[in-house]
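Below you'll find the structure, written out as structure tokens, and then a few comments.
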Amino acid sequence: MSKTRITHENEEHVCPRFHRAIELVGKRWNGAVIRALMDRPRRFGEILEAVPDLHDRLLSERLKELEAEEIVRRRVYPETPVRIEYTLTERGRDLERILAEVEHWAHRWLPQSAKR
């Protein structure tokens, strides 16, 4: 595992890339949306069903952010009616193992009733 701290002029600093990654995955609902897409591509409504308490406006914002970061891909199928699915990119798939570890940690250390 690579180091997440660097020494600079006798001080330790958190690696900016590490900090950005934690902020991206840790932003409210982002981890849950990514987790919902780990199983399979999903449509907008399917993501809403998979993530309790997430509202459509906020999901739309999060999906746009995750698309901009190239974590999620939006695929439009030219059918009638138009079908839109969201899937993880290679960059997003790379988070699967990490999120599985976070999920394992949560099951071990957080109480069942923990809710935000």
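A short reminder: the numbers here are calculations on the coordinates, not readings from a lab. This is a predicted model, so every value here is computed, not measured. Quick reminder, even Gly has a Cβ in these numbers, built from the backbone with ideal geometry, and neighbours come from all protein chains shown.
For the reader, a short list of remarks on this structure follows.
- Helix 96-109 and the long axis of the chain differ in direction by around 70°, with both axes built from C-alpha atoms.
- Computed FRET value (nearest 0.05) for Arg83 with Ile22, which takes r as the C-beta separation and R₀ as 41 Å: 0.75
- In a fully extended conformation the segment linking Glu46 and Arg93 would gain 15.0 nm over its present Cα-Cα distance, using 0.36 nm per residue.
- The long axis of helix 16-26 is offset from the longest Cα principal axis of the chain by roughly 40 degrees.
- Order of Leu66, Leu58, Leu95 - criterion: other Cβ atoms within 10 Å of each residue's Cβ, fewest first: Leu58, Leu95, Leu66
- Axis angle, to the nearest 10 degrees, between helix 30-39 and the longest C-alpha principal axis of the chain: 60 degrees.
- Given (i) 16.6, 62; (ii) 15.3, 50; (iii) 16.1, 55, the label whose value is Rg and Dmax of the Cα atoms in Å derived from this model: (i)
- Neighbour-count ranking [beta-carbon atoms within 10 angstrom, fewest first] of Trp105, Trp29: Trp105, Trp29
- The chain: most fluctuating residue of Glu79, Glu69, Glu61 per GNM, C-alpha cutoff 10 Å: Glu79
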